[in-house]
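Participant: This structure is in structure tokens; I'll ask about it shortly.
The values are calculated or read from the model by the stated rules, or taken from the named source; none is laboratory data. On a predicted model such as this, the values are computed, not experimentally measured, just so you know. Cβ sites come from the backbone with ideal geometry, for glycine too, and all protein chains shown count toward neighbours. Accessible surface is based on the protein model in full, side chains and every heavy atom, while ligands, DNA and RNA are left aside. Shrake-Rupley method; radii C 1.70, N 1.55, O 1.52, S 1.80 Å.
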Amino acid sequence: NAGPDRGTEPKQDKIERLVGAVNVSMPTLPSVWVVKDVQVQPWNGQQSLVVTADTPSVGRITLVAAPMNGEDAVPPTPATDGRVPTVYWQSGGTAYALMGSAAPDRLEVEAKQIEVATRRNVAPKTRG
């Protein structure tokens, strides 16, 4: 009996394919995450990449990567205005939001691990 994933595109391959289509950066996700879904969603007049995963530390999470007009570096910061616990940050031309049901301080720990990976992946852009 074939499982539901048999014959479908592996999630990491789908993430890499959609990253190119959406024009965002996506770090390598922690190996302990089990990616459940990858989608492209409208965001602020553009397209964002939305990854849903199960994590051993904070349970089910959603990670959104959205293109930004400017390049900036914003460290992981808990959002205090939403009903869903969210930590956001920006690295280069991509903004990230990590959402889940865990406490914001636990999400922030998880976000900092990803944020380090996003900084490693950002190559300096030459202008000229």
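Participant: Going by the structure shown, is Asn23 farther than 27 Å from Ala103 by Cα and not acidic (Asp, Glu)?
Facilitator: Working: farther than 27 Å from Ala103 by Cα: yes; not acidic (Asp, Glu): yes.
So Asn23 fits the description; yes.
Participant: Which ones in the stretch 74-96 are open to solvent by 20 Å² or more (accessible area, probe 1.4 Å) and touching a residue at least 40 places away in the same chain (Cβ under 8 Å)?
Facilitator: Correct list: Pro75, Gly93.
Participant: Going residue by residue through the stretch 43-53, is there one that turns out to be at pLDDT below 90 and under 15 Å from the mean Cα position of the chain (by Cα)?
Facilitator: yes
Participant: I would also like to ask the following. In the stretch 47-68, is there at least one residue being without any contact (Cβ under 8 Å) to a residue 24 or more places away in the chain and not in a strand (DSSP E or B)? Let's see the steps before the verdict.
Facilitator: Residues of the stretch 47-68 without any contact (Cβ under 8 Å) to a residue 24 or more places away in the chain: 50, 52, 54.
So of that shortlist, the ones also not in a strand (DSSP E or B) come out as none.
No, the stretch 47-68 contains no residue that is without any contact (Cβ under 8 Å) to a residue 24 or more places away in the chain and not in a strand (DSSP E or B).
Participant: Among the listed residues Glu71, Glu16, Glu9, identify the single one that is of a type in the set (Asp, Glu), open to solvent by 70 Å² or more (accessible area, probe 1.4 Å) and assigned to a helix (DSSP H, G or I). Don't jump to the end; show me each part of the working.
Facilitator: Working: Glu71 fails: assigned to a helix (DSSP H, G or I); Glu9 fails: assigned to a helix (DSSP H, G or I).
The conditions single out Glu16.
Participant: Could you check Ala123 against (1) open to solvent by 50 Å² or more (accessible area, probe 1.4 Å); (2) farther than 22 Å from Ile15 by Cα; (3) at pLDDT below 90 and say which number it fails?
Facilitator: Evaluating Ala123 over (1) open to solvent by 50 Å² or more (accessible area, probe 1.4 Å); (2) farther than 22 Å from Ile15 by Cα; (3) at pLDDT below 90 leaves (2) as the failure.
Participant: When the residues of the stretch 97-107 are filtered to those that are of a type outside the set (Gly, Ala, Ser) and open to solvent by 40 Å² or more (accessible area, probe 1.4 Å), which remaining residue is nearest to Asn23 (Cα to Cα)? Let's see the steps before the verdict.
Facilitator: Of the stretch 97-107, the ones of a type outside the set (Gly, Ala, Ser) are 98-99, 104-107.
Imposing the further condition that a residue be open to solvent by 40 Å² or more (accessible area, probe 1.4 Å) reduces the set to 99, 104-106.
Numbers: Met99: 21, Pro104: 28, Asp105: 29, Arg106: 29 Å.
This residue is Met99.
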